[in-house]
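One structure is given here, and the rest of the page talks about it.
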Amino acid sequence: MQQLDGEVKIKPERLEAGRALRKDVPRSAHSAWTPHKKRDPIGILEQQADAREKGLTPIRYQRMAQSPFAFFRGGAAIMAEDLAHTPDTGLRVQTCGDAHVANFGKFATPERRLVFDINDFDETLPGPWEWDVKRLCASMHIAAREHGFSKARCDRIVLNTVRAYRERLAEYSHVRTLDLWYDRIRVKDVIAHFNAKYRPTLRRAVKKAKRKTHLRAVARLTKGGKGLRFVEDPPLQVHLSKTGRNLDDARQMLEDYRKTLREDRRFLFDRYELVDVARKVVGVGSVGTRCWIALLEAADHPLGDRMVLQIKEAQASVLEPYVGASARGHHGRRVVTGQWLIQGASDMMLGWCTAPKTGRHYYVRQLWDVKGAGDLTSMNFENMALYGALCAWALARAHARTGDAAEISGYLGGGPVFDHSIVEFSATYAETNARDHESLKQAIASKRLRAHA
């Protein structure tokens, strides 16, 4: 946390209001997790497929089948339905909605400084703060299991994560509101967070992230010289014309997007012209939703002055059936607004648009505007515990910005009761997730679901 102007005293009644919630929802109650009888995780995946491109859902299933953690990443809708059956205090924040550990990472601010934060907002909605905490902590337990760590070590990683959330939230409850909105987790904070022996590795990771820019996106995704175009790589990357759509549709969408930009960003956007569009398969859980990449060139500038935008479909949040529909009226706007609320700094090209013929909602952002994620596969026990705490720090800051940090902190208290409850929940949910993963593999083997790379 950067140096702020000083702390403020918490109003005692806010802390007391939080403590009072323990009567109806004891902190120990969060340990409970028992799958209900009508639970059908594969059915939820099939239901989601109805709104997705049919030719791409087999790729999604194949990616989810790779491991229990991959299944968890793609199973946000499954866990949303599960979390709706767990206790919560009724306190609301702007949730990420899919706060698993792989949805945190490093990226550049508009000032070109590297920060660490949440970086995925497809499912964001106002909802229970506990749901984000439980999804993050369950993901830590599942990732630790895949490392082959003992249950005791998996539990300790989760304990470190949830304790960091509780302690950081308590710190943020003393911070002035305006200072909280200025606060960012800078790359130097990230490096200082880890033990000295790991810092050279972190600095190398920072250098790697700084290389993942829009210039690298152009270099990797396109071919040709003066008439640069996206590479054709079906089914993962396919030109617009091969999908039965034309460039005029894309131009209409980008004109609609342009209207959502701030005036100075609109001036910047107008310096570019659209030259190529392709459909690109991204992620795990997102596979099957419509996602386009657009290559733009600055016509009045030197050769090589290009930008790549990602135009990604925004469907209803997986939380919507349980917390209500978004007040934004447009799912692209919901995603963008949620990102603005949660992140300390956001991509300056964020906006949203509507497809002219289908009415589908999209949000728009730069592709690879400096990007780096923690490599979970290479982390040892100590590093994973520290990384979980780093993600919890970002989550606590997001919740403090959009919720009542003092009231949540009053509920959590200064002891480990809530921490141990979440450890127990995460361990139990990891077992459920492992069974769900096996169910997916069985559904593929029995041909109930079709999967391919």
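Of the accessible area of region 22-75, computed with a 1.4 Å probe over protein heavy atoms only, carbon and sulfur atoms account for 48 percent. Think of region 223-337 as a dipole: +1 on every Lys or Arg Cβ, -1 on every Asp or Glu Cβ, centred on the Cα centre; then among Phe230, Leu268, Ser317, Ser317 lies furthest on the positive end. Surface exposure of region 229-351, expressed per residue as accessible area with a 1.4 Å probe, stands at 42 Å². Short-range pairs are left out: with C-alpha atoms under 8 Å and at least six residues apart, the relative contact order of region 82-228 is 21 percent.
For region 344-453, the Kirkwood estimate of hydrodynamic radius, built from reciprocal distances between every pair of different alpha carbons, is 19.2 Å. Annotation: per residue accessible area for region 15-75 equals 49 Å², rounded to a whole number [probe 1.4 Å, protein chains only]. Among all stretches of the chain without exposed GluC sites (Glu not before Pro) (DSSP loop, at most 16 other Cβ atoms within 10 Å), which one is longest? Between the exposed loop sites, the longest stretch runs 233-453. Heavy-atom surface analysis with a 1.4 Å probe gives region 304-453 a carbon and sulfur content of 51 percent of its accessible area. Checking the Cα-Cα distances for Lys259/Lys280; Lys223/Lys280; Lys208/Lys441; Lys106/Lys197; Lys38/Lys441; Lys106/Lys357 against a 26 Å cut-off, the pairs over it are Lys208/Lys441; Lys106/Lys357. Across all C-alpha atoms in the chain, the radius of gyration and Dmax reach 21.9, 68 Å. From the alpha carbon centroid of region 420-445 to that of region 5-76 is 13 Å. The loop-placed trypsin sites (Lys or Arg not before Pro) in region 169-269, going by DSSP, that have at most 15 neighbouring Cβ atoms within 10 Å of their Cβ come out as Arg176, Lys226, Lys259, Arg262.
Expressed as an acute angle from 0 to 90° and rounded to the nearest 10, what is the orientation of the C-alpha long axis of helix 199-211 relative to the principal long axis of the chain? Compared with the principal axis, the helix lies near 30 degrees.
Is there a quick way to get the dipole size of the chain? I mean about its Cα centre, with the Cβ of Lys and Arg at +1 and of Asp and Glu at -1; what is the value in debye to the nearest 20? Display every interim value, and only then the final one.
Details: 74 positive and 54 negative charges, 247 e Å.
Roughly 1180 debye, rounded to the nearest 20.
On a per residue basis, region 140-201 carries 48 Å² of accessible surface, using protein heavy atoms and a 1.4 Å probe.
The values are calculated or read from the model by the stated rules, or taken from the named source; none is laboratory data. As the structure is a prediction and not an experimental result, all values here were calculated from the model. Cβ: placed from backbone, ideal geometry, glycine included. Neighbour counts: every protein chain shown. To get the accessible areas, we keep the full protein, side chains included, count just its heavy atoms, and leave off ligands, DNA and RNA. Shrake-Rupley method; radii C 1.70, N 1.55, O 1.52, S 1.80 Å.
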